[in-house]
1. Condition first: under 19 Å from residue 145 (Cβ atoms) and surrounded by fewer than 15 Cβ atoms within 10 Å (Cβ to Cβ). Can you find one or more residues in region 189-207 that meet it?
2. Kindly provide the set of residues from region 95-113 that are surrounded by fewer than 22 Cβ atoms within 10 Å (Cβ to Cβ), hydrophobic (A, V, I, L, M, F, W, C) and closer than 18 Å to residue 37 by Cα, ordered by number.
3. Please determine, by comparing only the residues of region 51-62 that are in contact with a helix residue (DSSP H, G or I) (Cβ under 6 Å, 6 or more places away or on another chain) and part of a loop (DSSP other than H, G, I, E, B), which one is most open to solvent (accessible area, probe 1.4 Å).
4. Condition check: farther than 30 Å from residue 166 by Cα, open to solvent by 50 Å² or more (accessible area, probe 1.4 Å) and modelled with pLDDT of 95 or more. Does residue 18 satisfy that?
5. Is there any pair with a first residue in region 99-119 that is more than 24 Å from residue 168 (Cα to Cα) and among the acidic types (Asp, Glu) and a second that is open to solvent by 60 Å² or more (accessible area, probe 1.4 Å) and assigned to a loop (DSSP other than H, G, I, E, B) whose Cβ atoms are under 9 Å apart and which are 6 or more apart or on different chains, and what are they?
6. What are the pairs, 6+ residues apart or on separate chains, where a residue within region 132-159 that is farther than 16 Å from residue 116 by Cα has its Cβ under 8 Å from a residue that is in a helix (DSSP H, G or I) and of a type in the set (D, E, K, R)?
7. Please identify the pairs in which a residue from region 24-39 that is closer than 10 Å to residue 77 by Cα has its Cβ atom under 9 Å from the Cβ atom of a residue that is polar (S, T, N, Q) and at pLDDT 95 or above, counting only partners at least 6 apart or on another chain.
Amino acid sequence: MPIFDRRRLIAFSLAGAALVAATPGLTRQSAPRAQSYGADPLQSYDLYPGPATGPVLMFVHGGGWKRGENSMVNALPDYARRHGLTLASTSYRLVPDVGAREEAQDVAAAIADLHRRLPGRAIFVLGHSAGAHLAALVGVDPVYLGAHGLKPSDLGGVILLDGAGYDATGPRGRGIVGRALDEMYDNAFGPEGSPGRAELSPTLRVRSGQTYPPFLIFHVASRADSAAQSQALATVLIRAGGRAEVIAAPGETHMTINRSFGVADDPEGERGARFIAEHS
């Protein structure tokens, strides 16, 4: 075995052991298996044991397009087991090595690989923060899944958690939050005014005559920028003949809406489970 492959195998084994230790109820027998969809080590996803039939949930992590990886699943393994889902969680290449366009290409490649491995099963994509942006972009712009012979309507549905960048050309708030988003957007989408801002904005990529998967869009109730972006995305999807619902999450923060999604009796997670059941 080549040295590089051996190191990757050791790394995956250690990651699996750490995940077992850190996740209540997760045994070694139910630990995920790493699946590669590209040459870069970040082009891989974890596939968890699950039912032989039924819906598949692909999670896309957040991290401002520049950090994070596929072990950041929080309560999702238990959530998937409770609701009869097969869970996958994908990594993707990160800023500054690539931009949001290449990250969306990675997410689409991971979905396509999962589609090949589990044919005939409805795949629902769940994304948080930057991952919500990538999930939305792959869910509306046919170029990404089209590179693999698929189309957005092949997805069972898209669930978004407090996303940013649905419209990367618009205002990003004020103060510390606005300045932080300015920097993240510059790094992920290119300088303000560049063509990439519009090309990578899901809200601006929705077109009449296209068929889209259903969208369930959550945002933190107290976050005005996420609320406005979420509603704008839903509005253009509905105007184009699609289905989209926006739900405000009271009492949550940008971090807790992600960490609590999938915890037993979490309202956002349970609404997500009903959405998956409705569209499977």
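The values are calculated or read from the model by the stated rules, or taken from the named source; none is laboratory data. Nothing here was measured: the structure is a model prediction, and the numbers come from that model. Here Cβ is always computed from backbone atoms with ideal geometry, including for glycine, and neighbour counts include all displayed protein chains. Each accessible area value is taken on the protein alone, full model and side chains, heavy atoms only, with ligands, DNA and RNA left out. Shrake-Rupley method; radii C 1.70, N 1.55, O 1.52, S 1.80 Å.
1. We begin by selecting, within region 189-207, every residue under 19 Å from residue 145 (Cβ atoms); these are 199-207.
From what's left, surrounded by fewer than 15 Cβ atoms within 10 Å (Cβ to Cβ): 207.
Checking region 189-207: at least one residue is under 19 Å from residue 145 (Cβ atoms) and surrounded by fewer than 15 Cβ atoms within 10 Å (Cβ to Cβ).
2. Matches in region 95-113: 98, 109, 112.
3. Only one residue tops the list, namely 55.
4. Numbers: farther than 30 Å from residue 166 by Cα: yes; open to solvent by 50 Å² or more (accessible area, probe 1.4 Å): yes; modelled with pLDDT of 95 or more: no.
So residue 18 fails the test.
5. 113/148
6. 134/103; 137/205; 140/205; 141/205
7. 32/70; 32/71; 32/89
Yes/no per residue for (1) open to solvent by less than 30 Å² (accessible area, probe 1.4 Å); (2) within 30 Å of residue 146 (Cβ to Cβ); (3) of a type in the set (Ser, Thr, Tyr); (4) in contact with a strand residue (DSSP E or B) (Cβ under 8 Å, 6 or more places away or on another chain):
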residue: 214; (1), (2), (3), (4): yes, yes, no, yes
residue: 224; (1), (2), (3), (4): no, no, no, no
residue: 228; (1), (2), (3), (4): no, yes, no, no
residue: 236; (1), (2), (3), (4): no, yes, no, no
residue: 243; (1), (2), (3), (4): no, yes, no, yes
residue: 260; (1), (2), (3), (4): yes, no, yes, no
